[in-house]
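> Okay, handing you the structure first.
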Amino acid sequence: MLKVFRYYIALPVSILAAAETILFLGMFIGLQWVGARTFLADNAPDHVTLTLPFTLTFVAFLCLSAVGMYNRDVFIDVRSFFQRAGIGLLLTIFACLVLFPVYTRFDPVNIEWYLGLFAFTLVIHYPIIIVMRFGLVAFSKSELFKRRILVLGDGMMAARVQSFLNTEGKGHLAPAGFIGRDQFDLVLGSQNAEVPEAFPVGQCPLLKAARDAHADEIVIASKEQRGLPIWQLLECRMAGIEVTDYLTFWEREAGQIDLDEVKPSWMALSNGFATDWLRQFSKRAFDVTLAAIMLFFTFPLLLFTALAIRIDSNGPCLYLQERVGENGRLFKVIKFRSMTTSAEKDGVPQWAGKGDDRVTRVGAFIRRTRIDELPQIINVLRGDMSFVGPRPERPYFVDMLTREIPLYAARHNVKPGITGWAQVNYPYGASKEDAKAKLAYDLYYVKNESMFLDLVILLQTVRVVLMLVGSR
C-alpha cells in the first residue's frame with residue numbers, strides 16, 4: 001500500500017494508474033506530432049507545445065478517476081468496469097474537445113485536427129487502454145504483487161479479516177495463515193473459534209513461522225492482548241515484517257472504522273485527527289472558491305429547477321430544514337423541495353424510504369440526479385457547511401442515534417458536507433443500521449481528514465451522480 005497524505009492506495013492501482021498515464025501522454029504527444037505535420041502542415045499553431053499533451057493527459061486521468069476506474073472494486077467486477085469505461089470515455093472526449101481549441105486557437109483551418117482528436121480517442125485510444133488494463137489487472141493479481149497476511153487469532157476479528165482477504169482484498173492481499181489460541185500457548189481471548197479451516201504454522205518461534213509462510217505482515221486479530229508474544233512480535237518487526245493491530249488494518253484496507261471493535265483508547269492513541277489553522281484556512285478558501293464557481297455555472301439550472309417545481313406542485317421551490325452542524329451547532333440547510341408540503345403533517349420526522357409516495361414527480365428526478373442538493377452551495381458560502389464532510393442530520397435523529405450508537409457524536413467534530421466519504425462508499429441510508437454503517441465511514445473521514453482525501457471524494461462524487469448510485 002502506498003500512503004499519500006494519510007490515504008492508502010493499493011499497489012496494483014498505483015501501477016495501473018502510472019501505466020495508463022504514460023500511455024495517455026505518449027498517445028497525445030503522438031497525436032500532436034502527427035496532426036501538426038499531416039493535418040495542418042504549415043498552419044500548425046506555434047504555441048502548441050508539450051503543455052497540450054500534459055494537460056490532456058491530466059484531464060483524462062481525472063475523468064477516469066472520477067468514474068471510479070481506479071477503485072479497487074473495478075478490479076473484481078467486469079461489468080462495472082465496462083460501464084465506467086464507457087462513461088469515462090464520454091467524459092474524456094468532452095473534456096478534450098473543450099480544452100483543445102483553447103490551445104490551438106480553433107478556426108476552420110484546424111477542423112481536421114480537431115475532428116482527428118475525437119476519432120483517434122474514440123476508435124484507437126480506448127481499445128488499447130482496455131486491452132492493456134486487462135493485461136495489467138491479470139498481471140497485478142499474481143503473487144508477486146500480493147501482500148501476504150499472517151493473522152494472529154481465530155475468533156470473530158480473524159473471521160472478518162479472512163472474509164476481507166477473500167473478497168475486496170483478493171486483488172492485492174493473500175492469506176499466509178492463521179495462528180489459533182492453541183498454538184504458541186497464546187491467550188487470544190475467550191471467544192469461540194470462527195476460522196475452523198485455519199491451518200497451523202507449526203510449534204516454532206513466530207519469526208520462523210512468519211518466514212516459512214512468506215508473510216509480509218502480521219495482523220493481531222484478538223480482543224485479548226494479554227499473553228501475546230511481545231518479544232517475538234518485536235523480533236518480527238525488527239526483521240522487516242510489519243506488525244499491525246486489527247483496527248489499524250481494517251481502517252487502512254476497508255476505509256472505515258470497525259464500530260463493533262473500536263475503543264476510545266485506540267481512537268485517542270492512534271494516528272490521525274491532525275488539523276491546524278492552515279488546514280482550516282485552506283479548506284475554507286477552497287470551499288468559497290468552488291462554491292462561487294459552481295453557483296455561476298449552475299445558475300441557469302437552478303432557475304429552471306425552481307420553475308419546474310412550482311409548475312409541478314403547490315408550495316415553495318425551496319425549503320429550509322434544521323440540521324446539526326459542527327460542534328453540535330444548529331443551522332438551516334437549504335434544498336430544493338422534492339416532497340409534497342404535507343410530507344410530515346403529523347410533525348414526526350421520517351427517513352425517506354425507497355419509492356416514497358411523498359416525493360413529487362419533479363422531486364423524484366431531482367433527488368435521483370442530486371439536483372435537490374445544489375442550493376446547499378449557499379450553505380457553503382455562509383460557512384454552515386463544507387463541500388466535503390459527514391452529511392448533516394436532523395436534531396431528532398441525532399439525539400436518537402447518539403443514545404444508541406457509541407461515538408456517533410464524534411462526526412460533529414468537523415463541518416458537515418454536501419458530499420462525504422460515506423456518500424461515495426455506501427448507498428442511501430434510511431434506518432439505524434444504515435446510520436451505523438455510514439458512521440464507520442464518517443469516523444474514518446474525521447480521523448484522516450486532508451485536502452487530498454477531499455479531492456478524492458469530490459472525484460468519486462462525479463461517479464455517484466453520473467451513475468445514479470444510492471439515490472432515492
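The values are calculated or read from the model by the stated rules, or taken from the named source; none is laboratory data. Quick caveat, the model's predicted, so the values are computed rather than measured. Cβ: placed from backbone, ideal geometry, glycine included. Neighbour counts: every protein chain shown.
> Please verify whether segment 403-414 includes one or more residues that are among the small types (Gly, Ala, Ser) and surrounded by fewer than 18 Cβ atoms within 10 Å (Cβ to Cβ).
The answer is yes; a qualifying residue exists.
> OK, next. So, Leu330, is that one under 22 Å from Leu407 (Cα atoms), over 24 Å from the mean Cα position of the chain (by Cα), of a type in the set (A, V, I, L, M, F, W, C) and loosely packed, with under 12 Cβ neighbours inside 10 Å or not? Explain how you work it out, then say what you get.
Values: under 22 Å from Leu407 (Cα atoms): yes; over 24 Å from the mean Cα position of the chain (by Cα): yes; of a type in the set (A, V, I, L, M, F, W, C): yes; loosely packed, with under 12 Cβ neighbours inside 10 Å: no.
In short, no.
> Checking the structure you have, find out if any residue of segment 244-256 is among the hydrophobic types (A, V, I, L, M, F, W, C) and at pLDDT below 80.
no
> Given the criteria closer than 27 Å to Ala174 by Cβ, part of a helix (DSSP H, G or I) and at pLDDT 65 or above, does Ala95 qualify?
On the way: closer than 27 Å to Ala174 by Cβ: no; part of a helix (DSSP H, G or I): yes; at pLDDT 65 or above: yes.
The answer is no for Ala95.
> Also, quick follow-up: Do we find a residue being in contact with a helix residue (DSSP H, G or I) (Cβ under 7 Å, 6 or more places away or on another chain) and among the β-branched types (Val, Ile, Thr) anywhere in segment 229-240?
Looking for residues that are in contact with a helix residue (DSSP H, G or I) (Cβ under 7 Å, 6 or more places away or on another chain) and among the β-branched types (Val, Ile, Thr), one finds none in segment 229-240, hence no.
> Take Val109 and decide whether it is modelled with pLDDT of 65 or more, outside any loop (DSSP other than H, G, I, E, B) and out of contact with any Asp or Glu (no Cβ under 6 Å at 6 or more places or on another chain).
Here the answer is no, as Val109 does not meet what is asked.
> Looking at segment 381-402 only, could you name the residues that are in contact (Cβ under 8 Å) with a residue 12 or more places away in the chain and hydroxyl-bearing (Ser, Thr, Tyr)?
Matches in segment 381-402: Ser386, Tyr396.
> Looking at Thr289, Thr305 in this structure, which one is under 20 Å from Gly389 (Cβ atoms), of a type in the set (Val, Ile, Thr) and assigned by TED's automatic domain parsing to the domain that holds Asp357?
The match here is Thr289.
> Considering only segment 142-165, state which residues are without any contact (Cβ under 8 Å) to a residue 24 or more places away in the chain and not in a helix (DSSP H, G or I).
Taking segment 142-165 and keeping what is without any contact (Cβ under 8 Å) to a residue 24 or more places away in the chain, we get 142, 144, 163, 165.
Result: Ser142, single match.
> Residue under question is Val446, and the condition is that it be under 19 Å from Val67 (Cβ atoms), in a helix (DSSP H, G or I) and either modelled with pLDDT of 95 or more or of a type in the set (Val, Ile, Thr) (or both); does it hold?
no
> Residues that are in the same structural domain as Tyr426 (by TED's automatic domain parsing) and without any contact (Cβ under 8 Å) to a residue 12 or more places away in the chain, at least 3 per element: which helices (runs of 4 or more DSSP H) completely within segment 205-282 meet that?
Because the criterion is at least 3 residues that are in the same structural domain as Tyr426 (by TED's automatic domain parsing) and without any contact (Cβ under 8 Å) to a residue 12 or more places away in the chain, no helices (runs of 4 or more DSSP H) in segment 205-282 meet it.
> Right, here's the next one. Can you list residue pairs whose Cβ atoms sit under 6 Å apart, with the first residue in segment 78-96 being in the same structural domain as Phe28 (by TED's automatic domain parsing) and surrounded by 13 or more Cβ atoms within 10 Å (Cβ to Cβ) and the second being at pLDDT below 75 and hydroxyl-bearing (Ser, Thr, Tyr)? Count only pairs 6 or more apart in sequence or on different chains.
What qualifies is Leu89/Tyr126; Ile93/Thr121.
> Pull out all pairs, ordered by first then second residue, where Cβ-Cβ is under 9 Å, the residues are six or more apart or on different chains, the first lies in segment 366-380 and is more than 17 Å from Asp312 (Cβ to Cβ), and the second is modelled with pLDDT under 90 and not in a helix (DSSP H, G or I).
From residues that are more than 17 Å from Asp312 (Cβ to Cβ), the pairs are Arg370/Leu468; Arg370/Ser471.
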